[in-house]
Amino acid sequence: MVRALTITSTVTLGPFPVGAYSAVDYSLESAMSQLPLPLPFCSVRIQYSGMPASLQAQVTSVESNSNLIIDSHVQNEGNGWAGSGANPWHLDEDTESILFLTNESAQTARMGFSVTANNTHYYLTELQLGPHETRAIDLRKLRDAQLPDLKGNKIPATATDGSVIWQRLDKVPVMGRLMVINRRQGMASNYDCCICACPADYYGDNEINPATAYLPIEGSQGLINNAQYYTCNLGDYYVNVTAASLWSSAYPNIASVNTAGTVKGQSAGTTGVTGQYSSYYYGWVLLHAPFDFGCEEYPQSGNGNNTTNVCGLTITSPSANAVLSLGGANYNQATIPLEATSACSGTVNWTLSYSYTSRQPATYTGSSSTSSTIGQTSNYTTPVGLGGEVTAQAQATLAGQNFTNSVTFYVLGTTIPNATISSRLLSLYSSGATPTLLKGIACYESSYMQFAQAYMMGGSGYWPNGNNTGTQDTYVGLMMVPNGMTSSGGPAFDWYTNTSSGLSVFQGKLSTVQSYVSGLRSQYSTLPDLTASQYENNQLILYGGWLQNNNANYYWVPNSAYTAWIINTSSPGYNYVQSVRNDIGVCG
């Protein structure tokens, strides 16, 4: 029988006699012509009709183009002790090392296999021999392939010496020999020592690879259960027993596992997966006195354990419909605790969309973004002046799959201390004729309230304080300036911007008043200029919207002789100017 990767053919030769107490040399050259040449190796099986142990045989391999001769003894298939070996190997430019393993039974034989070189252990976990198969393992090819084993180890690429240990895992006879061949010197060393009488022992130790798996929902991954076997002298092997394992999942609704050890994500979460395997350990016992010893097998089971994480993305903070308040040094930024959790690790990308719909109605929007680490809270500080209804969308790429989730909550205003407001307004208009004038405007327009309690957009809290007369919320905040919010902020949620805008609007009215005054004075040379304080009052008429395209509605108007300015008590804005002036010290 010949085997490369699979058994290709078997040639049966005719019988020949061996006389009593005689020796016969028999050449297999005639059989070679019946085989698909060239062949790297073949095995020879001999059956005889005599009494047991009445025949001894030896196989000699001769290279026809050199003087290299390799002698190998023939093993008795009935030898139940055959099944292990520990041999040295060597490789150089002239020397090869090849391990031959032959299964002497009609059953499949699983093998434990380990190579050691330079303090590195390398395992083959799926080595098995078919019935009566001979397998050649070329140590040079095994080394040069540089394929990692189950532990990620490789035979060192420069290794020239080491040891190879092999042992049967099943109770079937297996013979093996290591050939170390130096063709230049015409020498071959043949090693076939046995180290353990019984098959390798299994004590219930298993390793599942990977020990931890990360899957998307509907994603799958194959698990490998490697059983650990032990030699009689405390060496070890690892064998892939995935197909022979009984697989189960603690929570199949999170991840299921089939009979082949393939786990599939069903829903977000974490579950344990178990691969149970059963085999034997052996004892050397006296079967029949006084010398008949044998290997007694004892059943043993063990579990390999895996943790499978099925990725999902859950937002744990902030909670839905939570109301967060603007704060910070200037009461115009909020701190949002952002946290998303998953059974998998990774980075969460957050997009926050801010929306504010006033009573006009008009909708103002803004957005910002940030990132965080899954399972960790990130205290995110919003950009200045953004608020309202906020939708935070979390996105993460986990186990190669895109996950998103979102939550809606509110970022609303707060009460700002009057003293803080006054300090701000005084600093803005410190060079004005009436440095405290903005205080009066804010007090009259908004009662010093940037925000007011209201229920809007499904949330209750401190929303931007809008005007209640005319078209509601057209104007907003402390200074009742035109409403608005963008990604850069705005007067609705940023009282700093609101007060700056109020100052800008007020100062912008000066040119209109100056144009009005200069026009009259150009006609009437006797009409004096307004004082700075008088200019302020006419600016207030414009600020409050009382001019109504009629110059006769100014607070200060010329007398009939155009020689002086008089207070226009008939102006519809007269009371407004008086109230602003009167409220300068009322609110703070």
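So if the hydrodynamic radius of the chain is defined as the Kirkwood radius over C-alpha pairs, what does Stokes-Einstein give as its diffusion coefficient at 4 °C and 1.567 mPa s, in µm² per second? Before the final figure, lay out each step's value.
Details: Rh = 33.0 Å.
This corresponds to a translational diffusion coefficient of 39 µm²/s.
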Looking only at GluC sites (Glu not before Pro) in DSSP loops with at most 16 other Cβ atoms within 10 Å, what is the longest site-free stretch of the chain? 219-588
Please report, in debye to the nearest 20, how large the charge dipole of the chain is about its Cα centre when each Lys and Arg carries +1 at its beta carbon and each Asp and Glu carries -1 there. 2280 debye
The range 102-159-the range 87-101 distance, computed between alpha-carbon centres (Å): 13 Å
Mind checking the angle between helix 495-508 and the chain's longest principal axis? C-alpha axes, 0 to 90 degrees, to the nearest 10. 40 degrees
I'd like the orientation of helix 437-446 relative to the chain: the angle between its Cα long axis and the longest Cα principal axis, in ° from 0 to 90, rounded to 10. 70 degrees
Kindly provide the pair-distance distribution of the range 201-310 built from C-alpha pairs, with 10 Å bins from 0 and whole-percent values in order of increasing distance. 16, 38, 23, 14, 7, 3, 0
From DSSP H assignment alone, runs of 4+ in the chain each adding -39500 (n - 2.57), the sum over residues rounded to the nearest 500 puts [θ] at 222 nm at -4000 deg cm²/dmol
Would you work out which of 450, 212, 145 lies farthest towards the positive end of the dipole of the chain, given +1 charges on the beta-carbon of Lys and Arg and -1 on that of Asp and Glu, about the Cα centre? 450
Across 5 Å bins beginning at 0, the whole-percent shares of Cα-Cα pair distances in the range 415-523 come to 2, 12, 20, 22, 17, 11, 7, 4, 3, 1, 1, 0
Would you mind checking the tilt of helix 418-428 against the longest principal axis of the Cα atoms of the chain, expressed as 0 to 90 degrees and rounded to 10? 80 degrees
Give me the compactness ratio for the range 93-186, meaning the Cα radius of gyration over 2.2 N^0.38 Å. 1.13
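Laboratory data are not the source of any read-out in this text; all were calculated from the coordinates shown. These numbers come from a predicted model, not from an experiment. Every residue, glycine among them, receives a Cβ derived from its backbone with ideal geometry; neighbour counts consider all protein chains shown.
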